[in-house]
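Student: Could you have a look at this structure, given as structure tokens, before my questions?
The values are calculated or read from the model by the stated rules, or taken from the named source; none is laboratory data. All figures in this text were calculated on a predicted structure; none of them were measured in a lab. Glycine gets a Cβ as well: all are built from the backbone with ideal geometry, and neighbour counts include every protein chain shown.
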Ligand SMILES: NC(=O)c1ccc[n+]([C@@H]2O[C@H](COP(=O)([O-])OP(=O)(O)OC[C@H]3O[C@@H](n4cnc5c(N)ncnc54)[C@H](OP(=O)(O)O)[C@@H]3O)[C@@H](O)[C@H]2O)c1
């Protein structure tokens, strides 16, 4: 049993922390909206702390999963922040999808305080978090990674160290770039087939057994055909993630022409009120004026 803390009980963090408790770890949680932390503690038998620093006190591994770079800074730094609460040599694992720059910044500050840091964004969505089968992409030292991995294994099916601090976020950027154009392709295919009068469920049955198969096709094509988007990975989050990719591409010179176009299509979805719709809602740009 490891003494752990989890900061940020959102769609992802709530079930991730739940898996840690279910596997027998001693978990203290913190959430900005206190009621959620109290509910979690009642449900899972852990305890709720009043600040991130208090949650982190005495823990061997401290995990976080909040929204973006600024949200992360607000739970990490300051008198109530995670870093001042942590004990010497403990490992801070951040599951937020954030920039590689903020990861390096936190990594340096942590090291200066005798702490260890792993940037560890995840893929697999709400269902992956609830079922404990996330993919975790990590950046950091091997020793810190080895010490934190048993905790991450509670909610993941694959946990991989890619290189120094920042590498996990860079890997997540590749992940999002690979998804963006693919989802637009899926939307165009479904819209085309529907307009051609095909039975799109039958079409998906057959083409998902061939070269067009993808996670997006397996997990999103049926709901796209039904015009259902009130679930899943929010368009606002995807635009946040793509913004991080564009920032990094400005540093490394990579060109992202299709990703940039799809980002504009997502802004069209937001203009339709789809900020919280699943990313597969790109289809609505094609089906609605
Ligand atoms: N949802 C997905 O499918 C998915 C998949 C992969 C990666 N991710 C990434 O995982 C992260 C979390 O996503 P989510 O879906 O769990 O988001 P969410 O449901 O909106 O939860 C965000 C969590 O962060 C907390 N938070 C936000 N800003 C804060 C601040 N300034 N100070 C303190 N706490 C703050 C929120 O507290 P309150 O409860 O008080 O609002 C909440 O606990 C994001 O970086 C997202 O891109 C999400």
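Student: Which of the helices (runs of 4 or more DSSP H) contained wholly in the stretch 193-283 include at least 2 residues that are in contact (Cβ under 8 Å) with a residue 24 or more places away in the chain and crowded, with 18+ Cβ neighbours inside 10 Å?
Tutor: 215-225, 235-252, 257-271
Student: Something else: Would you say residue 2 is modelled with pLDDT under 95, surrounded by fewer than 24 Cβ atoms within 10 Å (Cβ to Cβ) and touching a helix residue (DSSP H, G or I) at 6+ places or on another chain (Cβ under 8 Å)?
Tutor: yes
Student: Let me ask something additional. Among the residues of the stretch 63-75, is any more than 18 Å from the chain's Cα centre (by Cα) and under 22 Å from residue 134 (Cβ atoms)?
Tutor: No - not one qualifying residue is present in the stretch 63-75.
Student: If a residue has to be within 11 Å of the ligand (Cβ to nearest atom) and in a strand (DSSP E or B) to count, how many in the stretch 91-116 make the cut?
Tutor: Qualifying residue count for the region: 1.
Student: Can you confirm whether residue 134 is within 16 Å of the ligand (Cβ to nearest atom) and touching a strand residue (DSSP E or B) at 6+ places or on another chain (Cβ under 9 Å)?
Tutor: In short, yes.
Student: Only one of 119, 147 is touching a strand residue (DSSP E or B) at 6+ places or on another chain (Cβ under 6 Å) and within 16 Å of the ligand (Cβ to nearest atom); which?
Tutor: On the way: 147 fails: within 16 Å of the ligand (Cβ to nearest atom).
Within the list 119, 147, the selection yields 119.
Student: Still on this structure, I have one more. From 71, 80, 101, grab the single residue that is surrounded by fewer than 23 Cβ atoms within 10 Å (Cβ to Cβ), modelled with pLDDT of 95 or more, touching a helix residue (DSSP H, G or I) at 6+ places or on another chain (Cβ under 7 Å) and more than 22 Å from residue 2 (Cα to Cα). Spell out the reasoning first.
Tutor: On the way: 71 fails: touching a helix residue (DSSP H, G or I) at 6+ places or on another chain (Cβ under 7 Å); 101 fails: touching a helix residue (DSSP H, G or I) at 6+ places or on another chain (Cβ under 7 Å).
The unique qualifying residue is 80.
Student: Among (1) under 11 Å from the mean Cα position of the chain (by Cα); (2) at pLDDT 95 or above, where does residue 133 come up short?
Tutor: (1)
Student: Hey, another quick one. Is it true that residue 186 is within 16 Å of the ligand (Cβ to nearest atom) and either at pLDDT below 95 or buried (at least 17 other Cβ atoms within 10 Å of the Cβ) (or both)?
Tutor: In short, no.
Student: Can you pull out every residue in the stretch 40-68 that is surrounded by fewer than 16 Cβ atoms within 10 Å (Cβ to Cβ) and closer than 16 Å to residue 10 by Cβ?
Tutor: The one that is surrounded by fewer than 16 Cβ atoms within 10 Å (Cβ to Cβ) and closer than 16 Å to residue 10 by Cβ: 43.
Student: Residue check: is residue 174 outside any strand (DSSP E or B), at pLDDT 95 or above and either within 15 Å of the ligand (Cβ to nearest atom) or surrounded by fewer than 24 Cβ atoms within 10 Å (Cβ to Cβ) (or both)?
Tutor: yes
Student: Provide a single number: the residues in the stretch 220-234 that are touching a strand residue (DSSP E or B) at 6+ places or on another chain (Cβ under 8 Å) and under 24 Å from residue 174 (Cβ atoms).
Tutor: 4
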